[in-house]
Amino acid sequence: MKNHYKNKIHLEPPQGLINDPNGLSYFNGEYYVFHQWNRFSCNHTYKEWGLFKSKDLLTWEHKGSAILPDSQIDSHGVYSGSAVVAEDKLRIFYTGNTKSKFGRKSYQCLVESEDGQTFIKKSSFETPNNLTEHHRDPKVFYFNNTWHMLIGSQNLNDRGTIALYTSDNLEEWHYQGIFFESPKLEQMCECPDLIDFGEQQVLLACPQKRNVFEDTAISSYSGYYIGKIVNQSFQSFTDFSSVDDGFDFYAPQTFRDPKGRCLMWAWMSRMSEQEEQACPTKMFGYMHCLTMPREVVLENGVLLQKPLEEFLNQRRTLEIDYSNWFIFEQKEDVLLFEVDFFETATKFQMELAEGNVTLTYRNNQLSLKRQSWLDNQMQAKLIKIKEIKKLQAFIDQSSLEIFINNGEKVMSLRYFPKTPNKVHQFNCDTNHKATLSKIEIGEENG
Ligand code: FRU
């Protein structure tokens, strides 16, 4: 049976299950996207790092396994982490996860590579006494002439927190205490990240509501604060906002590319265990994907996530339409559907894949619905938006990313239409210009 769910511009594993993007970096002329990977089966029982490489951010090659859980301090998983390039070496930091009859124990591990092919495990350190062993996902960045490492943590009262370490040489790390704490971080905080915009910094965090007795995640999402690092801790100026308002987005990671842009990828899934069991790609031996890369900018105090110019440059316009009702068909291509509103849109409706997904705007509310592949019920995500000026929907074979007002809001989701050829439609009374393009990517990814 042909797999009509295979995405073209969303990175998918050759087999097995992918989760968090890890070790984002640019090394020896190539972009590196490592990732959490169970290469053996479509479940979470095994974790190693796999690796994708690209020269242009458009075509990617999967290089197989990079870091394996083959030592005592990572016996139960090479968990998430980050990478930096220093002194011509790729320095990678990950969490070694171990489990025994005494419980869980985490180690923060350093790995080095000189050629991007051989990865050598170097050193590690353990969790400080004032935090539990839910201590993981080191994010390393250079700030104020020092290397900083944030770690997603839990304090002894089972509350989510973020720990800070610093280092002069990327090898010896000194615990500096709590970088940020808030009830918003729930019972555990995964995958912290920090973006430095000079005057201000943005802190990303993934709070988890956990069942602490059973050690299972109940619900989690990814959010951000805008604020400032002051005296080794983060002071937020804003409330905690979600990074993406769709169904499938978690564990985002960022890094600065050689052009100075802040690029972000995330894991494109928030599926429950039941949804994973029933995930339609499972029969083809793989599960999940990453989001497209986005450029993150801070403009007039507003965080924007923009589609990359590399992708926009690959637009081949198919049709321009000014009418109230536009119907178009999708075969194997990736489509980009863009709407520029000439006056403020008061309402519109978009129906994708014969109603498998709908996006409706009315009374300043944007409502995204998708049909569940579990029970065919419609699931909904709602956001309030005062004014919509622009809409951009990247429509891949089973992934959708919808950018509103140049990335002021983004909604990402997986969808699994029944038929390979899909009919989409857009309906709107307000004066607008709709542009349908296909995104031309040379080779297939993955
Ligand atoms: C987030 C996460 C991380 C962990 C990794 C394990 O999705 O739970 O906290 O390091 O996945 O795969």
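Where a number appears in this text, it was derived from the coordinates with a stated rule and is not lab data. Note that the structure is a prediction, hence the values are computed from the model and not measured. Neighbour counts are summed over all protein chains in view; Cβ atoms, including those assigned to glycine, are modelled from backbone coordinates with ideal geometry.
Values for this structure:
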| quantity | calculated |
| --- | --- |
| Extension gain, residue 300 back to residue 312 (0.36 nm per residue minus Cα-Cα distance, nm) | 1.9 nm |
| Segment 309-439, relative contact order [Cα under 8 Å, separation at least 6], % | 43 percent |
| Where labels lie 7 Å past Cα in the beta-carbon direction, separation of residue 321 and residue 142 in nm | 5.0 nm |
| Cut-off 13 Å, label 7 Å out along Cα→Cβ of residue 63, residues of segment 3-34 by amide N | 23-34 |
| Segment 1-108 - charge dipole about Cα centre, Lys and Arg +1 at Cβ, Asp and Glu -1, debye rounded to 20 | 400 debye |
| Local electrostatic count at residue 151 - Lys and Arg +1, Asp and Glu -1, tallied over other residues with Cβ under 12 Å | -3 |
| Environment charge of residue 185, counting only residues whose C-beta is closer than 12 Å and scoring Lys/Arg +1, Asp/Glu -1 | 0 |
| Label-to-label distance, nm, for residues given as residue 71 and residue 435 (7 Å Cα→Cβ offset) | 5.1 nm |
| Added length on full extension, which subtracts the Cα-Cα distance from 0.36 nm per residue, residue 342 to residue 389 | 16.2 nm |
| Ranked 236, 269, criterion: other C-beta atoms within 10 Å, fewest first | 236, 269 |
| Computed magnitude of the charge dipole of the chain (debye, nearest 20; Cβ of K, R +1, Cβ of D, E -1) | 760 debye |
| For segment 309-439, Kirkwood radius (reciprocal of mean inverse C-alpha pair distance, Å) | 14.9 Å |
| Restricting segment 357-432 to chymotrypsin sites (Phe, Trp or Tyr not before Pro) in coil, as DSSP defines it, with at most 15 other Cβ within 10 Å | none |
| Fewest-first sequence of 230, 84 by Cβ atoms within 10 Å of each Cβ | 230, 84 |
| Gaussian network model of the chain, springs between alpha carbon atoms under 10 Å - residue of 321, 158, 215 with greatest fluctuation | 215 |
| Ordering of 310-317, 66-73 by burial proxy (mean other Cβ atoms within 10 Å per residue, highest first) | 66-73, 310-317 |
| DSSP-loop trypsin sites (Lys or Arg not before Pro) across segment 96-180, with at most 14 other Cβ within 10 angstrom | 101 |
| Ranking of 295, 12 by count of other Cβ atoms within 10 Å, fewest first | 295, 12 |
| Full-stretch length increase - residue 216, residue 418 - with 0.36 nm per residue and alpha-carbon distance subtracted | 69.5 nm |
| Rg to Rh, two decimals, where the chain supplies the alpha carbon set and Rh follows Kirkwood | 0.96 |
| Chymotrypsin sites (Phe, Trp or Tyr not before Pro) within segment 146-211, DSSP loop, no more than 16 other Cβ atoms inside 10 Å | 197 |
